[in-house]
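One structure below.
Please treat every number below as a calculation from the coordinates, not as lab data. Owing to the predicted nature of the structure, the values given are computational and were not obtained by experimental measurement. So basically every Cβ, Gly included, is an ideal-geometry build from the backbone, and we count neighbours across all protein chains shown.
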Amino acid sequence: MIIKEDLADILDWFKGVIYLWLNMFIVFFSPIVWVALLVGIATIVDMVFGIWKNIKLGHKINSKKMRSGFLSKTFVYVGLVLFVFAIDHLLLNQIFELFINSKYLPTKLFALILIGIEVYSMDESYKEIKGKSFLNVMFLTIKKMNNARKKLENKIK
C-alpha cells in the first residue's frame, strides 16, 4: 500500500523530471529565441491589422473564431520554426557553415519567409482599408530617398 510520503516522493520525482525536460528544451532552443519571437510578433501585428480592417469595413468580429485562428496560426508558425531549427541544428548547420559564415541560416530563411507571408497579409488588409499598398509607398519613399542621396552626392562632387 502506498502511503502519503511515498506519493509525495513520487510527485516530487515527476516535478523534477518535468523541470529537467523544460530546462533542456529552453537551452536547446535558446539560440533562436529571438527569431521565433519575431515570427510571433509578426503574427500578432497581422492580427491587429485584421481587426482594424474588420472594424473599418464594418464586419462583425467573432472573438472565438479570431482567438482560435490566431492561436493555432501562431503555434503552428512558431512550432515550425522550432522544428526547422532542430533539423538545422542536428543535420544542416555543419554543412551550411562550410560554405556560409552564418549559424542556422535555413532556420533564419524559413522564419523570414513566414514573416514575409505575414507582412503581405498586413499589406492586403491595409489595401482594403486605405486603397493603397503600404509596401508600395515604403518602396517608393526609399527610391525617392536614394535619388535624393545621389543628387546630393553629385552636387558635392
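Using only DSSP helix segments of four residues or longer, with each worth -39500 (n - 2.57), what per-residue ellipticity at 222 nm results for the chain after dividing by its residue count and rounding to 500? Estimated from H runs of four or more residues: -29500 deg cm²/dmol. Given the pairs 64/130; 108/144; 65/143, which span a C-alpha to C-alpha distance of over 32 angstrom in this model? Beyond 32 Å between Cα atoms: 65/143.
Residues with beta-carbon under 12 Å from that of residue 133, excluding residue 133: net charge, scoring Lys, Arg +1 and Asp, Glu -1? Once all neighbours under 12 Å are counted, the net charge is 0.
Counted over all Cα-Cα pairs of region 1-68, pairs farther apart than 20 Å make up 61 percent. Does anyone have the angle between helix 63-87 and the longest principal axis of the chain? Alpha-carbon axes, 0 to 90°, nearest 10? With rounding to tens, the tilt is 80 degrees.
Against the chain, whose longest principal axis comes from its Cα atoms, helix 105-130 is set at around 60 degrees.
Length, then width, then depth: along the principal axes, the Cα atoms of region 54-110 run 54, 20, 8 Å. Comparing mean-square fluctuations of 55, 129, 95 from a GNM of the chain with C-alpha springs under 10 Å, the top value falls on 95.
Taking every Cα-Cα distance in the chain and sorting them into 10 Å bins starting at zero, the pair-distance distribution P(r) comes out as 9, 23, 22, 21, 15, 6, 2, 1, 0, 0 percent.
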